Every structure is written in C-alpha cells, then in structure tokens.
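Worksheet: the structure to be examined is printed underneath.
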Amino acid sequence: MQEIFCKTAADFVERLRITHELWGGQPAWDWGFRGQGNADWNLLPSAFRDGTLLSYANATLKAPIKLLGDQHWCEFKLIQHFLYLADRVGLSVPGDAQHFRLPPTTDQRWTSDEWPQEDVLETLAIAQHHGVPTRLLDITHNALIAAFFAADDARDPGKVKGAERFGVWAVDLSMVRQAAALRVMEGGKPRLIHVTAPRAGNSFLHNQDGLFLLDREASRRRKQSGRFETMDEVVDAVAEEMLTHPMEELPYYRPSPASPMVKITAPVALAMDVLDLLDRDFYNRARIMPTHDNVVKTLQFQRSLNDHRRTRSNYQAITYGPKFAVGAAVKTRAGRASSRAAADPTTTKARR
C-alpha cells in the first residue's frame, strides 16, 4: 500500500477532493474512504481488535477469542442484545427477524467459516454504524467526511495514544467489485465485498454517505495464520489475485494512481488547520451527525476554531448565520431615532 505524506493542511484536503488527479477521474462511488486519528493503527474491524469487549454481560470476553466458534457466537449475541433493547424501547432496526429471536436449533451457523451469513449483513451494518463491535469496517464514499473524523480524533491525545500523524485510507471499490465478479464467474465466492444498508430512516448513515467492507474469509484465514488479517492485507491480496487476469477481462476495474489502496497522512499538529478548512466547506459534526445536540456542539466548537484562526490560521474568524458587526444593531436603532427626531418640529423646539 502506498502512503502519501502531506506537509500542509491545504495539501491534505486538496488531495482528498475527488477531482484530484490521484483518483483518476473515477466518481466518488468507486472509492471507499476511512479516516483514523492515528495513521499507525491497523485497519481492523472492531470485533477483531485486541481487547475489544465482545459481551455486554461479561467484561472478561475480549477479542480475539481463541475458539472461532466462540468468537462467532459472541459477535451474534452482541447483535441480539442490541436488537432486543432497541425493540423494547420502540426503535426499529432493518433486518430484525426471527433468526435473532428464536433459540438456536443448531450451532452450524456459529461454527461455520461462512459467518456472518447474507441474511444478517443488513442488521450488522446498522449495529456497526451505531457502535456495536462487528467484523464490518466503516467506510464512506466522501473523503472529506473521512478527513473530518481523522482530524477530529487527532485533537485528543488520549484517544490517539501519542500519534504523530493522522490519515485517510482509500480503497478502490471498482477493484473490489471486479475481483468479486471474477470469483463468481469462476464458480467461487467473493472474498472482499462492500455492504450497504438502507439510509432513508438513518440520518447519520445518509449524511455520512456510509457503507462497509467485509472480508468473507476472515475466519478461514485466521485458522491458517493464527490471526485476523488487516484490511490493507486483504485488499492487497484481492488485487493481486485479480491482476493475474489480463486487463481485457476486467471490464469493471478502472485503475488510477491510487489503486488499489492508498493512505494519505498529515501531522497531528495540523488537525485544527484541517478542521478549519473542512468547516469552511461545511463539513462539521452537525452536518455529519445531525442532531440538535450536535448543532450545539458544533456552535461551541466554533469558539475553539475561531481562537485558532485568530492565532494561527490564514483565515478570518467566522460564525454561522447572518453577519452583523458588533454593536451594529444598536447603532442602526440610534441612527433611526436621530433621523425621526430631526424630522419632528416639536422635538426641534423642545431642544431649543
């Protein structure tokens, strides 16, 4: 995987615009972007990361679990608990069905390397998006949204654990689709797929242009190597397999300078500069995660941004909404009163 090191916030943001030559003229839906506050972190789904709690009832069940069947079972139970509580408080979740509710009649689903099966992917996607650990990896079609998450996390040293750089990873989805099509045409099953979920009833997923990556062979590969492979390892392997075919057999693949995967990074010290530039394009917490609470958080963050702009930025401090100079409204009212008084003869006599 190639890595591009940016020295300025402007260069970092500019390279992430879909019109940059890096993306080879491909449309945004041909790319999946992921931002992380620490560029040294592995690209691993949350259910595979060391120490992730895989139970809402037992604080000792942490990933990765030694027996794959137990790992699968814990992942399923997390989804089941999420669905149960959501339903009890009156929240619907797409894909909720009886196979999540009835007692298991066989353990084949949980011991199979095919976990998770197609009939649970939609529910996994929604659960993952709301913070349940799964083997899906969140990505977005919009690189600037990924940049916001990376820079916003990078502001917190405790969250990124001494990171020196933050970054945005990009996966060529035209390659993912082409590799999947080749596997199917050859009678097999795709290794890497991207998963989507309905956005109409989910404002966060809609505003973040979100989707997910899934390695369908994650469990099988762990049996062979003793560990879960990172997503960049998976992408490299899938691309290498695909490129054993001549280009004329790859009609869906649109190669570009960034293919099959690239990581673009910037120093953590530039996080506020990047957030400043993104804010001017209206990429902020309120837009990306639209709630009334986040509207207020975005307004509160403007104070920090404006302090930064006054001391370090090349741009002026700004605010949302109509712009008036300080005291302008008072001066305007005073001016109107003065004009009325001058036009009123009784007022003139009183002054004399």
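Observations on the structure shown:
- Flag for Leu250 being more than 30 Å from Val160 (Cβ to Cβ), out of contact with any strand residue (DSSP E or B) (no Cβ under 8 Å at 6 or more places or on another chain) and either touching a residue at least 40 places away in the same chain (Cβ under 8 Å) or crowded, with 20+ Cβ neighbours inside 10 Å (or both): yes
- The set of residues in the range 254-306 being in a loop (DSSP other than H, G, I, E, B) and hydroxyl-bearing (Ser, Thr, Tyr) consists of Ser256, Ser259, Tyr283, Thr291.
Every residue, every condition in (1) surrounded by 15 or more Cβ atoms within 10 Å (Cβ to Cβ); (2) of a type in the set (A, V, I, L, M, F, W, C); (3) free of Cβ contacts under 8 Å to residues at least 24 places away in the same chain, yes or no:
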| position | (1), (2), (3) |
| --- | --- |
| Pro27 | no, no, yes |
| Trp31 | yes, yes, no |
| Gln36 | yes, no, no |
| Phe48 | yes, yes, no |
| Leu54 | yes, yes, no |
| Leu61 | yes, yes, yes |
| Leu68 | yes, yes, no |
| His72 | yes, no, no |
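- Scanning the range 219-238 for residues that are out of contact with any strand residue (DSSP E or B) (no Cβ under 6 Å at 6 or more places or on another chain) and surrounded by 22 or more Cβ atoms within 10 Å (Cβ to Cβ) turns up just one, Phe228.
- Among the residues of the range 118-173, those identified as basic (Lys, Arg) and surrounded by 21 or more Cβ atoms within 10 Å (Cβ to Cβ) are Arg135, Arg165.
- Asp236 meets each of the listed conditions (1) under 26 Å from Asp50 (Cα atoms); (2) outside any helix (DSSP H, G or I); (3) under 22 Å from the mean Cα position of the chain (by Cα); (4) not hydroxyl-bearing (Ser, Thr, Tyr) apart from (2).
- Within the range 181-209, the set of residues being under 22 Å from Trp115 (Cα atoms) and of a type in the set (Gly, Ala, Ser) comprises Ala181, Gly187, Gly188, Ala197.
- Residue selection: Pro190 fails the criterion of being touching a residue at least 60 places away in the same chain (Cβ under 8 Å) and surrounded by fewer than 22 Cβ atoms within 10 Å (Cβ to Cβ).
- Note on the range 146-232: enclosed helices (runs of 4 or more DSSP H) holding 3 or more residues that are of a type in the set (A, V, I, L, M, F, W, C) are 173-185.
- Number of residues in the range 117-136 that are of a type outside the set (A, V, I, L, M), within 18 Å of the chain's Cα centre (by Cα) and not in a helix (DSSP H, G or I) equals 5.
- Filtered by the rule that a residue be more than 16 Å from Ser219 (Cα to Cα) and assigned to a loop (DSSP other than H, G, I, E, B), the range 57-73 gives Ala57, Asn58, Ala59, Thr60, Leu61.
- Filter pass, Phe100 being of a type in the set (Phe, Trp, Tyr), crowded, with 16+ Cβ neighbours inside 10 Å and in contact (Cβ under 8 Å) with a residue 40 or more places away in the chain: no
- Top-ranked residue in the range 74-97 [being surrounded by 12 or more Cβ atoms within 10 Å (Cβ to Cβ) and β-branched (Val, Ile, Thr); ranked as farthest from Ser219 (Cα to Cα)]: Val93
Every number here is computed from the coordinates shown, using simple stated rules; none is lab data. Please read all numbers here as calculations on a predicted model, not as lab measurements. All Cβ positions, even for glycine, are placed from backbone atoms using ideal geometry, and neighbour counts span all protein chains on display.
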